[in-house]
Amino acid sequence: MKKVFALLLGFVLLVSVCGVSLAEASQKTVVGIAWRADTDSEFFTNVCRAVEAAGGEWVMLDQVFSADLCYDAEGRLTSGKTEIGMLDETAAKYVKCNTWRGSNAPEAVMGVSIVLFTGGEDISPTLYYTPEEWHGIEAEIDYNAERDVSDYLTMAYCLDNDIPLMGFCRGAQMLGVISGGEVIQDIPTWFENQGMAYDYTHRNRKATPESYRDYAPHTVQVAKGSRLSDIVGTDTLTGCPSWHHQAVKNVDYTRLTVTGYTETNGVPMIEALERTDKTFAVGLQFHPEAALVKNLDGAANKDDYMDYKTALSIFQYIVDEAYLKLPSWSAGVEPKAALMDYIAAITDETSESYIPVADRIAVFDLDGTLMCETYPRCFEYMVFVDFALNNPDYTPTEDVLAVAREIVDTKWQEKPSGISTRQAAAAALAYAGMTPAELGEYVKGFMDSEAEGFTGMTRGEAFYLPMVELLNYLRDNDFTIYIVTATERNIVRAIVKDTLDIAPAYVIGTEYGCTATGQGDSADGDYTFKSTDKVVFDGTYYGENAKMSKVDAIVREIGQQPVLAFGNSSGDVAMCVYTVTDNPYPALSYIVLADDEAREWGDYESAQAKIAGYSAQGIGTISMRDDFATIYGDGVEKDASAAVQ
């Protein structure tokens with residue numbers, strides 16, 4: 001089939017959380033709601049409102065297209081569907097065989113914590129594990145081939161990559177279909193074919209063809225020990241709002257487990273199921289969001305349905321659960337899983353790995369670990385260059401000017417030998433006479449400048465979102481966070497105070513000497529600070545805070561051995577090894593590898609060559625290329641032309 005779907009895409013990701021600061025990056029779960037065209041449907045709007053009521057943020061995902069099917073400019077299939085709107089058997093075969101590969105599912109799901117699949121139309125029976133003809137009931141024709149493709153590919157991608165998901169009604173049936181379960185296409189007809197009466201437990205009859213069909217409340221028995229049982233805290237759910245004429249029939253020989261059912265004329269009809277081989281993949285045949293909204297709106301019949309607290313608990317679980325955090329990380333990657341397991345263990349008071357809150361210390365390097373250092377050099381270098389060459393209030397000495405020009409002339413080349421020492425010494429001279437506050441203000445102004453080598457980002461926005469999410473998640477779990485960096489500490493204090501909400505006292509870095517304005521040549525031990533004095537930099541550089549200097553600084557300034565350490569270079573190895581050596585508590589350390597050549601200015605081969613050496617010293621690695629679903633977020637791209645220009 002002709003592949004025209006690419007014309008529709010551009011792979012523009014809808015999941016950007018506007019107005020959320022870096023310091024809040026992991027504190028709200030971003031819920032993705034699978035695409036549907038009819039966003040005025042209550043099956044959609046009720047779920048949105050339920051997520052909001054639980055304190056979460058939601059986005060509707062992009063429509064997901066099959067690379068094997070043909071679409072028009074508005075995303076409608078131009079072939080591959082029948083006259084009644086369902087997928088034909090050939091198109092369904094393509095979708096099932098190739099699933100999400102070659103589609104835009106990875107881009108559509110990127111950045112969300114969990115995907116919810118809402119209720120709606122019947123699923124094309126051609127998508128069943130064993131394809132079937134449609135049920136043949138004219139009054140029940142309700143198919144949407146485009147949505148079938150989008151939901152199938154989105155859910156298949158989530159399952160293959162262990163991205164948490166929950167489906168309501170149709171969404172639960174889609175989980176059954178993808179997992180190989182059998183489906184009852186029409187419940188009343190099925191009961192009739194069994195020679196049994198049916199009392200319309202699952203969907204009310206319409207009084208007239210034009211009348212509104214409200215939800216049918218019924219009781220669901222919940223399996224003990226299931227996800228649903230954990231969420232609602234009971235084995236009997238009353239007043240479950242139901243609105244379906246189809247259902248998953250059985251899950252024999254699949255990876256699905258039935259976790260809820262409704263006794264209907266002696267037949268246990270499936271009402272809840274889950275994939276126990278996944279972190280979280282749950283389907284509910286009923287609509288808890290409807291009960292929640294009826295309570296919010298004070299509907300006259302709200303008491304016929306499950307209570308507000310129970311309905312809310314389902315969405316509260318979605319928003320609050322730990323495994324839904326760190327959405328900017330790729331799904332299922334080892335470092336994320338290891339860190340989440342570690343945090344769960346050391347915060348569990350019943351665990352042998354438990355670490356008291358007072359001893360939960362984590363140390364992070366800054367440049368290349370939390371923040372970009374390739375625009376085109378690290379922040380400290382580039383703010384120094386700006387100060388030396390572009391500040392009208394400063395006249396550089398020849399020595400300062402020479403170092404600034406060397407950085408500019410070699411900024412897209414391999415870093416010159418010894419430049420770190422030359423830059424720091426020159427910067428100490430350049431900032432002499434300034435107060436730390438004055439330097440901080442200059443730094444804040446420079447943070448607003450464009451991040452050279454990238455588009456859509458300023459230098460002050462150039463933080464690695466996955467690492468910021470991790471930092472905030474550690475903070476949520478009562479870790480004390482220190483920045484231990486080779487960058488001058490007052491510069492770092494200005495960078496992280498408002499962006500990462502890290503107080504100045506928790507920044508350890510390279511130091512420039514200070515003096516009092518009235519001190520003259522007097523030694524510090526001979527001079528007493530006066531009320532007329534100011535503290536200013538004196539041009540002295542005390543040496544780089546790297547390698548063993550970081551360990552020395554941690555011992556002197558923190559006074560405790562960290563249990564977590566994160567760095568990115570040889571200057572951080574000592575800190576990382578110290579953290580995991582003879583520690584009385586479980587400890588981990590990681591090096592962030594600059595190995596992404598597509599989204600960042602990394603060097604994959606160079607990074608790969610270092611992994612074995614880190615591993616031999618007990619240090620894990622985090623791959624920017626493989627472990628970060630996004631680095632800087634939506635709208636930021638590497639400007640490959642920058643180096644040429």
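Points to keep in mind about this one:
- Cα pair distances exceeding 21 angstrom across segment 250-365, given as percent: 61
- The separation of segment 53-81 from segment 199-243, counted between C-alpha centres, amounts to 29 Å.
- Annotation for Glu637 and Asp552: the two label points, set 7 Å from Cα along the Cα-Cβ direction, are 4.7 nm apart.
- Of all accessible heavy-atom area on segment 183-292, the percent that carbon and sulfur account for (1.4 Å): 46
- Applying Stokes-Einstein at 37 °C and 0.692 mPa s to the Kirkwood radius of segment 89-184, computed over alpha-carbon pairs, gives a translational diffusion coefficient of 240 µm² s⁻¹.
- Computed FRET value (nearest 0.05) for Asp142 with Glu605, which takes r as the C-beta separation and R₀ as 60 Å: 0.65
- In a fully extended conformation the segment linking Cys97 and Thr130 would gain 10.6 nm over its present Cα-Cα distance, using 0.36 nm per residue.
- Pairs of Cα atoms nearer than 8 Å and 6+ residues apart set the relative contact order; for segment 95-210 it is 32 percent.
- Contour excess over end-to-end distance, with Cα ends at Glu334 and Glu263 and 0.36 nm allotted per residue: 21.3 nm
- Using C-alpha pairs below 8 Å separated by at least 6 residues, the relative contact order for segment 330-397 is 11 percent.
- FRET E, pair Ser417, Asp199, Förster distance 56 Å, beta-carbon r, rounded to 0.05: 0.10
- Normalised contact order of the chain, rounded percent, pairs of Cα under 8 Å and 6 or more residues apart: 12
- Pairwise Cα inverse-distance average, inverted: Kirkwood Rh of segment 503-542 (Å): 11.5
- Average accessible surface area per residue within segment 289-390, 1.4 Å rolling probe, Å²: 36
- Expressed in Å, the radius of gyration and Dmax of the Cα atoms of segment 135-272 are 15.7, 46.
- Label positions at Asp277 and Asp348, each projected 7 Å from the Cα along the C-beta direction, are separated by 2.4 nm.
- Straight-distance crosslink candidates among lysines, where the alpha carbon sits under 23 Å from Lys534 and sequence neighbours closer than 8 are dropped: Lys444, Lys497
- Compactness index (Cα Rg / 2.2 N^0.38 Å), the chain: 1.14
- Electrostatic tally near Gln423: other residues with Cβ closer than 11 Å to its Cβ, Lys and Arg +1, Asp and Glu -1, net -1.
- Thr532-Asp359 FRET efficiency (beta carbon distance; Förster radius 35 Å; 0.05 resolution): 0.20
- Virtual spin-label span in nm between Asp501 and Thr78, 7 Å along Cα→Cβ: 5.1
- Taking every lysine pair in segment 191-340 that is 8 or more places apart or spans two chains, those with Cα atoms closer than 18 Å amount to 5.
- Residues of segment 524-645: accessible area per residue with a 1.4 Å probe, Å²: 50
- Interatomic Cα distance distribution for segment 33-170, bins of 10 angstrom, percent: 12, 43, 35, 10, 0
- Antiparallel bridges, percent of DSSP beta bridges restricted to the chain (to nearest 5): 50
The values are calculated or read from the model by the stated rules, or taken from the named source; none is laboratory data. Every value quoted in this text rests on a predicted model; they were computed, and no experiment measured them. Cβ atoms come from the backbone with ideal geometry, glycine included; neighbour counts cover every protein chain shown. Side chains are part of the model used for accessible areas, which takes the heavy atoms of the whole protein and leaves out ligands, DNA and RNA. Shrake-Rupley method; radii C 1.70, N 1.55, O 1.52, S 1.80 Å.
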